[in-house]
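As structure tokens, the structure follows; a few thoughts come after it.
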Amino acid sequence: MVITTHRARIMGPVPYVSTGGKVSNIPIGPCLVEQADGQSVDIIWGTRGQICAVLPLGEVVAAEDHGHLVLLD
């Protein structure tokens, strides 16, 4: 399995389902985007990279298209 990691920045609302089924937005700021061979992407953020959300690839592409997620490398 090949994992690709990118440095990125959240610039606008990118929703995810948090613990307990509540829909929240990933906070604006720096993050890491990790994609394995599948159709899901991990978005990692927090001062120590301690928070993670798994999003379908289509939602990540839509966030990029809207300018809400910007890959930095």
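At-a-glance table
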| read-out | value |
| --- | --- |
| Those residues of the range 10-31 which are open to solvent by less than 60 Å² (accessible area, probe 1.4 Å) and under 16 Å from L72 (Cβ atoms), in sequence order | I10, G12, V14, I26, G29, C31 |
| Which listed residue, of V41, V14, V23, is more than 13 Å from L69 (Cβ to Cβ), without any contact (Cβ under 8 Å) to a residue 60 or more places away in the chain, touching a strand residue (DSSP E or B) at 6+ places or on another chain (Cβ under 9 Å) and hydrophobic (A, V, I, L, M, F, W, C) | V23 |
| Selected residue [exposed (fewer than 15 other Cβ atoms within 10 Å of the Cβ) and within 10 Å of the chain's Cα centre (by Cα)] from L57, L72 | L57 |
| Counted residues, the range 32-45 - those being farther than 15 Å from V14 by Cα and either surrounded by 12 or more Cβ atoms within 10 Å (Cβ to Cβ) or touching a Cys at 6+ places or on another chain (Cβ under 7 Å) (or both) | 3 |
| Residues within the range 42-73 that are aliphatic (A, V, I, L, M) and either more than 16 Å from N25 (Cβ to Cβ) or not in a strand (DSSP E or B) (or both), tallied | 7 |
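The values are calculated or read from the model by the stated rules, or taken from the named source; none is laboratory data. These figures come from a predicted structure and were not determined experimentally. Cβ coordinates were reconstructed from backbone atoms using ideal geometry, including for glycine residues, and neighbour counts include every protein chain displayed. Quick note on the areas: whole protein, heavy atoms, side chains included, nothing else; ligands and nucleic acids left out. Shrake-Rupley method; radii C 1.70, N 1.55, O 1.52, S 1.80 Å.
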